[in-house]
Amino acid sequence: MNWSNEITDLLKIKYPIIQAPMFGVTTTEMVVSASNSGCLGSLPLADISSDKAIELIDNVKSQTDQPFAVNIFVYDLPEIDQKLKDNYKRVKNFIENLANDHQLEVQLPEIENLSYSGYRDLIDVVISKGCKILSFTFGLPDKVSIQKLKENNVILIGTCTTLEEAILLEKSGIDIICFQGSEAGGHRGNFLSEIPTDDLGISLLSEVASAVSVPIIYAGGIYSGQDVIRLKNCGVQGYQVGSLLIGSPESALSTSEKNRLKTLGDDDIVLTKSFSGRYASGIRNSFTQSLDETANILPFPFQNKLTAELKKVAKAHNNIEFVNIWTGKTAKNFSELPTQQILKILINEAENSHN
Ligand SMILES: Cc1cc2nc3c(=O)[nH]c(=O)nc-3n(C[C@H](O)[C@H](O)[C@H](O)COP(=O)(O)O)c2cc1C
């Protein structure tokens, strides 16, 4: 198999395999392992503070001189009006009581005490630290930000989930499209409609591949070399793997969270807004069941900020009923091997597959 293509040329990597940015799971060690394997490591920054982002970028840079991407959440903060404040208070009380009923004592933050860093601040960090690859999800940076990034020769990878989103990304000057299928673990990257499509991403691929001329990375359900070959035959040039890596030693999941992965059944994965206010694919538990289909879900990012402390306390108590374990639909195929080995096996399998 000849790996060299537009993506390897643009990103200056050997294999067009991208370790998915997975906020809360990806460690700097995972990024370094992936990049040192000739693939692209991706450092997720989500919407953390600039100082923390600088620390993480410096950490990766101190361990590898290979290319890696940084990844951010792109969104504008909705207005905080009285209605939102009242809803926030109600949901906060509901979740605190629910947690208490399950022997978890938590004090969640007041809305006035939440802190946010806008994506524009993180773009400034990306530029000032000389990072050359930026991937993003949840939206499209504004024109000024895109121009600024281009002037600084930053290659842009935008996440999308539909044909319309893919076309918009290309029109906006994004260099590479990361097309995320509904098989994918974690948050869905839909941004033109609030509800993500149910269609399997692979069924939309040929249309997307003929509608855009920028190279396409596919994200969702890649666990083997055969999956890579199947996607290659659909016009895909890059392969982003997330759930395959969540059981690796470089994953930040706790032992109890990793143990839960080992007992995954077919009906255990749900698309839930309960933890963040945006749809994400992960393991069903008491929290998702109690919140989904109720009015106790605030719009993103408020639900996400509200539940952050709950997740922290639950994780410290090894309580997997109140943490978000994001995985894709077929995550039972995850691996416990080290990241480098997992990637090597994927590469070897693809090389030995017959297309
Ligand atoms: C635990 C977890 C966290 C994720 N966090 C992010 C993130 O911070 N940024 C992002 O762009 N995508 C995130 N994703 C989505 C992945 O980038 C990717 O689309 C997905 O993992 C691919 O599907 P797969 O899990 O079936 O391999 C996350 C996925 C998982 C499983």
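Quick one: residue 259 ticks every box in (1) without any contact (Cβ under 8 Å) to a residue 24 or more places away in the chain; (2) more than 15 Å from the ligand (Cβ to nearest atom); (3) not in a helix (DSSP H, G or I) except a single one, so which number is it?
It fails just one condition, (3).
So for the stretch 46-54 (the condition being within 18 Å of residue 334 (Cβ to Cβ), open to solvent by less than 10 Å² (accessible area, probe 1.4 Å) and not in a helix (DSSP H, G or I)), does at least one residue qualify?
no
Taking the options 204, 134, 169, 156, name whichever one is open to solvent by less than 10 Å² (accessible area, probe 1.4 Å) and part of a helix (DSSP H, G or I).
On inspection, the qualifying residue turns out to be 169.
Only one of (1) of a type in the set (Gly, Ala, Ser); (2) closer than 23 Å to residue 189 by Cβ; (3) buried (at least 19 other Cβ atoms within 10 Å of the Cβ) fails for residue 308. Which number is that?
Answer for residue 308: the failing condition is (3).
If a residue has to be more than 12 Å from the ligand (Cβ to nearest atom) and open to solvent by less than 70 Å² (accessible area, probe 1.4 Å) to count, how many in the stretch 322-344 make the cut?
So the answer is 5.
Give just the number: which of (1) at pLDDT 95 or above; (2) open to solvent by less than 40 Å² (accessible area, probe 1.4 Å); (3) not assigned by TED's automatic domain parsing to the domain that holds residue 306 does residue 191 not satisfy?
(2)
Out of curiosity, is residue 222 in a loop (DSSP other than H, G, I, E, B), in contact with a strand residue (DSSP E or B) (Cβ under 7 Å, 6 or more places away or on another chain) and either away from the ligand (no atom under 12 Å from the Cβ) or modelled with pLDDT of 95 or more (or both)?
yes
Has the stretch 268-275 got any residue that is without any contact (Cβ under 8 Å) to a residue 60 or more places away in the chain and open to solvent by 50 Å² or more (accessible area, probe 1.4 Å)?
no
The values are calculated or read from the model by the stated rules, or taken from the named source; none is laboratory data. Keep in mind it's a predicted model, so treat the numbers as computed, not measured. For neighbour counting, all protein chains shown are included, and Cβ atoms are generated from backbone atoms with ideal geometry for every residue, glycine included. When the accessible area is computed, the model is the full protein with side chains, heavy atoms only, and any ligands, DNA or RNA have been set aside. Shrake-Rupley method; radii C 1.70, N 1.55, O 1.52, S 1.80 Å.
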